[in-house]
Amino acid sequence: MKKRALIVDDNGNNLRMEKDLLEVAGFEVFLARDASSGIAMAKKEKPDVIVMDVRLPDMRGSEAARILREDKDTSDIPIVFVTASVMAEGKEEIKNITNSGFIGKPINTRNFAKEINRFIK
Amino acid sequence: MKDKRKNKEFSEDGVKIHTAPERRIIEKLHQEIAGSKKTEREAQGSREFAESIINTVREPLISLDQDLRVVAVSRSFYEFFKVKPEETVGQLIYDLGNKQWDIPRLRELLETILPQKTTFDNYEVEHDFATIGRRIMLLNARQIERVLGKERIILLAIEDITERREIEKGLEKTRKELEVIKKSADEVSEFSESVINTVREPLISLDQDLRVVTVSRSFYECFKVKPEETVGQLIYDLGNKQWDIPKLRELLETILPQKTTFDNYEVEHNFSTIGRRIMLLNARQIERGTGKERIILLAIEDITERREIEKGLEKTHKELQDLAVELKRTTRAKSEFLANMSHELRTPLNSINGFSEILYDETFGPLNGVQKEYVNFVLTSGKHLLLLINQILDMSKVEAGKMQLTLSDLPLKSILNEISLLVADMVSKKKLQILLEIAEDLPNIEADELRVKEILYNLLSNAVKFTPEGGKIGMRAKQTDSEIEIVVWDTGVGIAPENMEKIFEGFFRVDTPYSRITEGTGLGLPIAKKLVELHGGNFSVLSEGLGKGTQVRFSLPIRSKKAV
């Protein structure tokens, strides 16, 4: 059975690149361009992993993660933040979210799928 | 002292009568010839006249015969020399009062001088009398022919000038003392004047009518007034009534009459000659040394400049506070800006590097040779841009003091080897020779692993970049006391002495034909230096000049000096 990944990013290029890399690695991929549709998609599809940007148009990725953690349908899904905010302040924002990880942009295309895989039990 | 000469008179018959004592003698003569009817009437008149004179004369008088025996003595003589008539008249003068009168100077007068001169004035004799003590006397002597007979008598008027001498002496002494006092008074006034003129603060003294008595030189200088238009003037009238200042009037007319002292009375006034001035007035009412008059001493301190400085200081203080607030704000803004810049630059770089990497890896199908070469150019440039961004961020963090070290126990020996392997590719591409001299017993150190690797990588990659093909690079590491000393050297282009400072400024690229094709940001060396210093180590660069190679020497403490 294919692993299922939800990618939440408002940047079309990022969505496309991450989708390609994960699909090439054998993932089934769902896409969302903002937090609220991402949360809805997560509840509906219950993916194995959520790959999420931190700066989203409707709310911060950290806020979306808090909502996902409070919902029993999504509280256990690992979240991997892919963010260009690699400075200390950016990491501080997400460090207390359970079952989550961090990948800085620009991403290393050669081991991106491997990194994501590490978060799936 | 009464002058006997005032009493000089002439009798009606023209007989010259010299002095009062003489008249006394004349009276005596009259008594002696009282029996002579021929002269009785005449003698009667003279006697009365002589008596009246004697009553008014205070000087002792004595008359002697030619044998120097006392013929007659005035009452004042008895009183003065404390002798009695019965032991006086008929005695040899020298025997008087138990021979007290045996005075050599008197003998000289009576026995030597008088026989030759009939008159002798102001013959001074000093003698210590047993009864009345030391006396100074002026003797006036006359030899007078007795009216009847050929005998002569000597009339001796004795003027006691002891007191006068003492008074004269006293006067002389007093005069000398006065001179001393006057001199010291002059000195005092000279001193106080010089004090007044030495003091920089303008001083003015006023009498009770508030008229100027004296003024210090600095007053004239400070307030641009002339002595002739100042002294004697009412203070308010000074300098065209410029001094008619309500606050000054209040001080002089209301406050001072009640208090004798007033300090730091602040007056601000716009003088037409010297402009707006702020003055501190210190006033004293002083009793004049002589007389009951009081004078007012007024010291004027011009604090205009001081006030301006104070205001300036206050302003500067305020500006500094504002600046500190502004600095905090800009520091925060700078961090925010850096974070934003980093984010905004990474987002497009993510596409550039990501997609070119996917293309280069031929994930979605093969590229021809040129396509692959070109997409590699894009990828390499993108990675260089990313390196630049990261290094700029590092520099900014270090400079803002925001770089935090994550210290751990590092196996330095293996890290040195690891980093040398990282540059091995570049080394072999340029056909360089690399020499590692790492001490076998190199201990672990307490440091930030990522930053130590960054330091070593920056220095080794610089050595590779700036050494032409066929050259040598190397690394030495050994323990010295509580530090590890590491030297990264090369036989490359070196550094011109004039560029030694510039290489730490950032973005400096050694300008040689060779360096133009060299990749780099110019930030590797300054970042390495800052990271070494952040660890508490020393960092220095040595080069004997262009083409002479470079040696970077730095140290890292084995135990971090930084509190973790």
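Candidates are the residues of the range A:59-114 that are more than 11 Å from chain B (Cβ to nearest Cβ) and β-branched (Val, Ile, Thr); the one that is surrounded by the most Cβ atoms within 10 Å (Cβ to Cβ) is A:79. In the set (1) modelled with pLDDT under 90; (2) surrounded by fewer than 17 Cβ atoms within 10 Å (Cβ to Cβ), the condition left unmet by residue A:43 is number (1). Looking at B:199, B:267, B:212, just one residue is within 32 Å of the chain's Cα centre (by Cα), surrounded by fewer than 18 Cβ atoms within 10 Å (Cβ to Cβ) and modelled with pLDDT of 85 or more, and that residue is B:267. Of all residues in the range B:388-401, those being in contact (Cβ under 8 Å) with a residue 24 or more places away in the chain and exposed (fewer than 15 other Cβ atoms within 10 Å of the Cβ) number 2. Quickly run through the range B:328-341 and pick out the residues that are surrounded by 13 or more Cβ atoms within 10 Å (Cβ to Cβ) and within 12 Å of residue B:400 (Cα to Cα). Those that are surrounded by 13 or more Cβ atoms within 10 Å (Cβ to Cβ) and within 12 Å of residue B:400 (Cα to Cα): B:331, B:334, B:335, B:338. The residues of the range A:8-61 that are among the aliphatic types (A, V, I, L, M), farther than 21 Å from residue B:356 by Cα and without any contact (Cβ under 8 Å) to a residue 24 or more places away in the chain amount to a single one, A:40.
Counting residues in the range B:122-130 that are free of Cβ contacts under 8 Å to residues at least 40 places away in the same chain, crowded, with 16+ Cβ neighbours inside 10 Å and within 17 Å of residue B:73 (Cβ to Cβ) gives zero.
Residues in the range A:36-57 that are away from chain B (no Cβ under 14 Å) and in a strand (DSSP E or B): A:49, A:50, A:52. Within the range A:17-35, the set of residues being away from every other protein chain (no Cβ under 12 Å), of a type in the set (Gly, Ala, Ser) and over 12 Å from the mean Cα position of the chain (by Cα) comprises A:26 only.
Here the condition is being away from chain A (no Cβ under 11 Å), surrounded by 12 or more Cβ atoms within 10 Å (Cβ to Cβ), free of Cβ contacts under 8 Å to residues at least 60 places away in the same chain and over 21 Å from residue A:24 (Cα atoms); of B:370, B:378, B:325, it holds for B:378 alone. For residue B:345, state whether it is assigned to a helix (DSSP H, G or I), within 60 Å of the chain's Cα centre (by Cα), of a type in the set (A, V, I, L, M, F, W, C) and at the interface with chain A (Cβ under 9 Å from one of its Cβ atoms). No. The single condition among (1) surrounded by fewer than 17 Cβ atoms within 10 Å (Cβ to Cβ); (2) in a helix (DSSP H, G or I) that residue A:28 does not meet is (2).
The values are calculated or read from the model by the stated rules, or taken from the named source; none is laboratory data. All of these numbers come straight from a predicted model, not from anything done at the bench. Ideal geometry is used to build each Cβ from the backbone, glycine not excepted, and the neighbour counts take in all protein chains shown.
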